[in-house]
């Protein structure tokens, strides 16, 4: 194989490998940690943990992830918007969560332009509620893939 054909072949293979990732849109991730707690709710949330990934395609945000070690079964999950990262806010979409102490969370939410801007500023988060913590058992703010530690 001559050098020109080798370069073309390698370039084509690289383009095919990169194209699906580009077509999928920007990726986001969140570590789900226990929601803020007090002495009365500590035992209900403290050992819980989870993570989610999300893909933005156009204005549709598709989320999937898992959770574990909840003291009671999940009752629901939502995408929420705060004024900034770490500031709780209102639900803007509903997700599906396994009705169990360990399970999965998934769903899609259509975002407005303002909500996409909030996503890019890390002001959107995922919250999972449970029987013993109906106002939030786990939550995590969505960050662009690779943004952790910046």
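The values are calculated or read from the model by the stated rules, or taken from the named source; none is laboratory data. From a predicted model like this one, the values you see are computed outputs, not experimental measurements. Cβ coordinates were reconstructed from backbone atoms using ideal geometry, including for glycine residues, and neighbour counts include every protein chain displayed.
For region 132-149, the criterion of being outside any loop (DSSP other than H, G, I, E, B), farther than 20 Å from residue 27 by Cβ and touching a residue at least 40 places away in the same chain (Cβ under 8 Å) is met by at least one residue.
Residues of region 92-110 include at least one that is more than 17 Å from residue 50 (Cα to Cα), exposed (fewer than 15 other Cβ atoms within 10 Å of the Cβ) and free of Cβ contacts under 8 Å to residues at least 24 places away in the same chain. Return a yes/no flag: does region 50-57 have any residue that is crowded, with 20+ Cβ neighbours inside 10 Å, more than 12 Å from the chain's Cα centre (by Cα), in contact (Cβ under 8 Å) with a residue 60 or more places away in the chain and not in a loop (DSSP other than H, G, I, E, B). No, that holds for no residue. Would you point out the residue of region 75-88, among those that are more than 18 Å from residue 53 (Cβ to Cβ) and surrounded by 15 or more Cβ atoms within 10 Å (Cβ to Cβ), that is nearest to the chain's Cα centre (by Cα)? Among residues in region 75-88 that are more than 18 Å from residue 53 (Cβ to Cβ) and surrounded by 15 or more Cβ atoms within 10 Å (Cβ to Cβ), the one nearest to the chain's Cα centre (by Cα) is 81.
Would you check if there is a residue in region 44-51 being within 21 Å of residue 109 (Cβ to Cβ), in contact with a strand residue (DSSP E or B) (Cβ under 6 Å, 6 or more places away or on another chain) and modelled with pLDDT of 90 or more? Yes: region 44-51 contains one or more residues that are within 21 Å of residue 109 (Cβ to Cβ), in contact with a strand residue (DSSP E or B) (Cβ under 6 Å, 6 or more places away or on another chain) and modelled with pLDDT of 90 or more. Those residues that are assigned to a loop (DSSP other than H, G, I, E, B) and surrounded by 14 or more Cβ atoms within 10 Å (Cβ to Cβ), I need them from region 111-124; list them, please. Residues satisfying the conditions are 111, 122, 123. State whether one or more residues within region 115-130 are in contact with a helix residue (DSSP H, G or I) (Cβ under 9 Å, 6 or more places away or on another chain) and farther than 23 Å from residue 26 by Cβ. So far as region 115-130 goes, yes, one or more of its residues are in contact with a helix residue (DSSP H, G or I) (Cβ under 9 Å, 6 or more places away or on another chain) and farther than 23 Å from residue 26 by Cβ. Checked against (1) at pLDDT 95 or above; (2) in a loop (DSSP other than H, G, I, E, B); (3) out of contact with any strand residue (DSSP E or B) (no Cβ under 7 Å at 6 or more places or on another chain); (4) farther than 25 Å from residue 40 by Cβ, residue 101 passes all but condition (4).
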